[in-house]
Each structure stands twice: as C-alpha cells, then as structure tokens.
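> Pasting a structure below so you can have a look.
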Amino acid sequence: MNDLKEFLLNRRTIRKYSSEAVGDDLLDDLLKAACRTSTTGNMQVYSIIVTRNEEKKRELSPLHFNQKMVTEAPVLLTFCADFNRFNKWCVLNNASPGYDNFLSFMTAAIDALLAAQTVCIAAESRGLGICYLGTTTYMANKIIEVLKLPAGVVPVTTITLGWPAEHPQQPDRLPPEAVIHEEVYSDYSDSDIRKFYSEKEGREDSHQFIRENNKTTLAQVFTDVRYKKEDNVYFSKILLKVLEDQGFMNNV
Ligand SMILES: Cc1cc2nc3c(=O)[nH]c(=O)nc-3n(C[C@H](O)[C@H](O)[C@H](O)COP(=O)(O)O)c2cc1C
C-alpha cells in the first residue's frame, strides 16, 4: 500500500519517448484494465481508438497542433464518448434509445474519461509514460473525419503512450486544502486565494513563464496566452456543432 501511495504521489506527465515499441501483451493489459473501469449503468458507452500506424499519426499530428508526442510516441489512444454501439443494441432488441441529448453525451464522456485515467494509472504502474492531449476536444470535428467516427461518437481525450526518454521535474500543485472542502463548499476570500497560489506564483519557473510571455502576472499567462477567451469561444462553437452533428443535441 505504501508503494501505491508513493507511486501515486510521484507520477508526472512524460512528453518524450524512446523508440522502443509498447508490446502487444502490455497494451492489451492496459486496455483490459480500462474496460474494467466503473461505467454508468454498466453500459460502457465509450470506445477507444488505438493508433500505432505512422501515417495515421502524421495525419492526426496537425489536429493536435503538431505536438511532438503525437508522432514520437509509439501509441496514441483516443477515448470517445460512444452511444452508437449501445443504440444499435437497443434497436436490435425492440428498445427505443433516448440518448440523443446533452446529458447522454456527458454520461458517455465521463465513462470515456474514467477509462482513460485507468489506462494512465495502469501504464504508469508498468513504467510507461503518458501525456493527455486536450487538443482532442478543440479539433473533434477533424479527428472524427480521420478516425472515421460515426454519429453517436465524439472523441473526448487522447493520451500518448510510450517508454519514457526523460525524467522531468514534478510540476507543483496547489496545497490539498485549496481544493478540499469539508461537508459544504467554503468559498475563498481574497487572502485565501493569495495564500493558496503564493507557492505557485513564487516559483522561479513561474517567473520565467511570465517573462517569456511578456506579462506581469502568472494569471495573465493563462488568460492572455495559454487559454484565451477568444480561443475558448471559437473552439466551443466547433464542439457544440460536433455534438449537434453527432446527434447529441436533438432534444434540447
Ligand atoms: C485533459 C488534459 C489535457 C491535457 N492536454 C495537454 C496537451 O495538450 N499537451 C500537453 O503537453 N500536456 C497536456 N496535459 C498535461 C498537463 O499539462 C499536465 O498534466 C499538467 O501540467 C500537470 O503535470 P503532471 O501531469 O506532470 O503533474 C493535459 C492534461 C489533461 C488532464
């Protein structure tokens, strides 16, 4: 148990991988573990697309903003919210599916994300490195084309998987008391916020980040550079259209 605690506390994202392949048996183990994850109503309303083909990776690369891990990692896994399979089963069995709505998308997206996190923990426990790609939801419309996802299926996250070729410093985290509330939510005073973010703001890497981005505060690096409102609005519109096109907004 102590080992598990240490393992969970010591993990970090890996973005550089050696060229060594991830063996089929190992990958099978990870995917089997994913399929054992808790799932809404035991419906398993997700699918996992395995990408190992170099040409497919090159096709996907620009859709992940050319992040190098996409072509360098031996394996990409794209986790999709998927009611397509379940709907078909319902129809074949004289049952009328009512899953063409936003709640059902959320249900399936939660299932997919939980399965993804199982793969991550299982992979890291075997010495593999992983990196999530948030770009999947930004470019879901194009990823749908490349991975040939039918109606009822929406990609929600991707992970890159491979043997680590780096051992980066562990990034900071907020202190646990910043995110944990006892019984009810306890809203933050200005001084709580200052206290909880002070360690992050005081770090040399944060100062470097601010200088590199020509900003005066760390928060501005997020609001003005990394996660800008205009980008959020633009990609929200694309994602909402994806949900509509894939049949999840029919009853709202
Ligand atoms: C949903 C999600 C999307 C992410 N997207 C990216 C990404 O597109 N590129 C990247 O390099 N890292 C990505 N990450 C990794 C985070 O940057 C990383 O988890 C965070 O900086 C904390 O680092 P750690 O995992 O090493 O503790 C993502 C993580 C999550 C959970």
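> State yes or no: is GLN67 touching a strand residue (DSSP E or B) at 6+ places or on another chain (Cβ under 8 Å) and of a type outside the set (A, V, I, L, M)?
Details: touching a strand residue (DSSP E or B) at 6+ places or on another chain (Cβ under 8 Å): yes; of a type outside the set (A, V, I, L, M): yes.
It is true that GLN67 is touching a strand residue (DSSP E or B) at 6+ places or on another chain (Cβ under 8 Å) and of a type outside the set (A, V, I, L, M).
> I want to confirm something. Restricting to segment 74-100 and keeping residues that are hydroxyl-bearing (Ser, Thr, Tyr) and either in a loop (DSSP other than H, G, I, E, B) or over 17 Å from ALA116 (Cβ atoms) (or both), which single residue is farthest from the ligand (Cβ to nearest atom)? Let's see the steps before the verdict.
Residues of segment 74-100 that are hydroxyl-bearing (Ser, Thr, Tyr), as a first pass: 78, 96, 99.
Add one more test, that the residue is either in a loop (DSSP other than H, G, I, E, B) or over 17 Å from ALA116 (Cβ atoms) (or both), and what stays is 96, 99.
On the way: SER96: 34, TYR99: 24 Å.
That would be SER96.
> Go through segment 38-67 and give me each residue that's in a loop (DSSP other than H, G, I, E, B), under 22 Å from GLY152 (Cα atoms) and within 16 Å of the ligand (Cβ to nearest atom).
First pass over segment 38-67, keeping only residues in a loop (DSSP other than H, G, I, E, B): 38-39, 43-45, 52-53, 65-67.
From the residues that got through so far, the ones that are under 22 Å from GLY152 (Cα atoms) too are 38-39, 43-45.
Answer for segment 38-67, where residues must be in a loop (DSSP other than H, G, I, E, B), under 22 Å from GLY152 (Cα atoms) and within 16 Å of the ligand (Cβ to nearest atom): there is none.
> Do you know which of the residues in segment 13-37 that are in contact with an Asp or Glu (Cβ under 9 Å, 6 or more places away or on another chain) and over 20 Å from PHE83 (Cβ atoms) is nearest to the ligand (Cβ to nearest atom)? Lay out the reasoning, then the answer.
Residues of segment 13-37 in contact with an Asp or Glu (Cβ under 9 Å, 6 or more places away or on another chain): 14-17, 19, 37.
So of that shortlist, the ones also over 20 Å from PHE83 (Cβ atoms) come out as 14-17, 19.
Values: ILE14: 8, ARG15: 6, LYS16: 11, TYR17: 13, SER19: 20 Å.
Looking at residues that are in contact with an Asp or Glu (Cβ under 9 Å, 6 or more places away or on another chain) and over 20 Å from PHE83 (Cβ atoms), I get ARG15.
> Something else about it: Here is a check on your reading of the model: is THR71 surrounded by 18 or more Cβ atoms within 10 Å (Cβ to Cβ), of a type in the set (S, T, N, Q), away from the ligand (no atom under 13 Å from the Cβ) and modelled with pLDDT of 95 or more?
Here the answer is no, as THR71 does not meet what is asked.
> With respect to PHE105, is the statement that it is crowded, with 21+ Cβ neighbours inside 10 Å, in contact (Cβ under 8 Å) with a residue 24 or more places away in the chain, more than 22 Å from LYS16 (Cβ to Cβ) and more than 13 Å from the ligand (Cβ to nearest atom) true?
Details: crowded, with 21+ Cβ neighbours inside 10 Å: yes; in contact (Cβ under 8 Å) with a residue 24 or more places away in the chain: yes; more than 22 Å from LYS16 (Cβ to Cβ): yes; more than 13 Å from the ligand (Cβ to nearest atom): yes.
So PHE105 passes the test.
> Let me ask another. Go through segment 143-186 and report how many residues are within 15 Å of the ligand (Cβ to nearest atom), of a type in the set (D, E, K, R) and within 28 Å of ASN53 (Cβ to Cβ).
Count: 1.
The values are calculated or read from the model by the stated rules, or taken from the named source; none is laboratory data. Computed from a predicted structure; not experimentally measured. Here Cβ is always computed from backbone atoms with ideal geometry, including for glycine, and neighbour counts include all displayed protein chains.
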